[in-house]
Amino acid sequence: MADSPSKDQILDAAERLFAQQGFSRTTIKQIGKAAGVNSALLYYYFGDKEGLYRSVLERLVSRLVSRTLGRLGADTSPPLRIRGFIEAQVETFMANPQLPKLFMREMLDHDAAHAVEQIQHLAATSFKGLCDTIEEGQRQGTFRADVDPKFAAISTVGQVAYFFLARPAVRILLGAGDEGPSPATIQAFARHAADFALAALGSCSDVASKPRKRRTP
């Protein structure tokens, strides 16, 4: 489907409403009104509400994959690539604030039934790239060999995801006021999350200069 202002307006409006109300409570009529277009245009572009919903999820995941894979594919050390991955996560969530809420609603309300294809896409792209980076660091001796790469990848992803998913609680915990954490605070958390992940993996350094010596019993 070729891009057009009307299609972008529809996707933007649908994204907001699906995140706020969930899939079941959101109607085509509401989305059309919010987008400022005739409801018939939604059916023309997307077929039905489920087709529109899946297109919203696909657009968000594509943005996340594009940013994170770009950092994971950089010609740098595994620690720097992991730091870049976390920065890309944060940048994507800041630019797409509905993404965490929308996916949380989908998992709670529908057990991720509508998002299976997109989760599989994430698994085959960004998540695999993160696991591969961790394994590379393990082969180099930079990261601990006794850590399961998939578990470590989930933990790495989970730090940022939780920070944004639990934003109302984080706002209270940090004493951030009604507006929530400032951009500077969010960037500081991104640095912390990277430091935390690298420390858990066995490296607090941005650059792996020398392989770690393995301890002998």
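What to note about this one:
- Checking Phe163 against (1) surrounded by fewer than 18 Cβ atoms within 10 Å (Cβ to Cβ); (2) assigned to a helix (DSSP H, G or I), the condition it does not meet: (1)
- Every residue from segment 93-127 that is among the basic types (Lys, Arg) and in contact with a Leu (Cβ under 9 Å, 6 or more places away or on another chain): Lys101
- Checking Asp48 against (1) more than 30 Å from Asp195 (Cα to Cα); (2) surrounded by fewer than 17 Cβ atoms within 10 Å (Cβ to Cβ); (3) in contact with a Leu (Cβ under 8 Å, 6 or more places away or on another chain), the condition it does not meet: (3)
- Yes/no for Ser66 being within 18 Å of the chain's Cα centre (by Cα), at negative phi and either surrounded by fewer than 17 Cβ atoms within 10 Å (Cβ to Cβ) or modelled with pLDDT under 95 (or both): yes
- Members of segment 32-58 found to be more than 12 Å from the chain's Cα centre (by Cα) and within 30 Å of Ala153 (Cα to Cα), listed by number: Tyr53, Arg54, Ser55, Val56, Glu58
The values are calculated or read from the model by the stated rules, or taken from the named source; none is laboratory data. On a predicted model such as this, the values are computed, not experimentally measured, just so you know. Cβ atoms come from the backbone with ideal geometry, glycine included; neighbour counts cover every protein chain shown.
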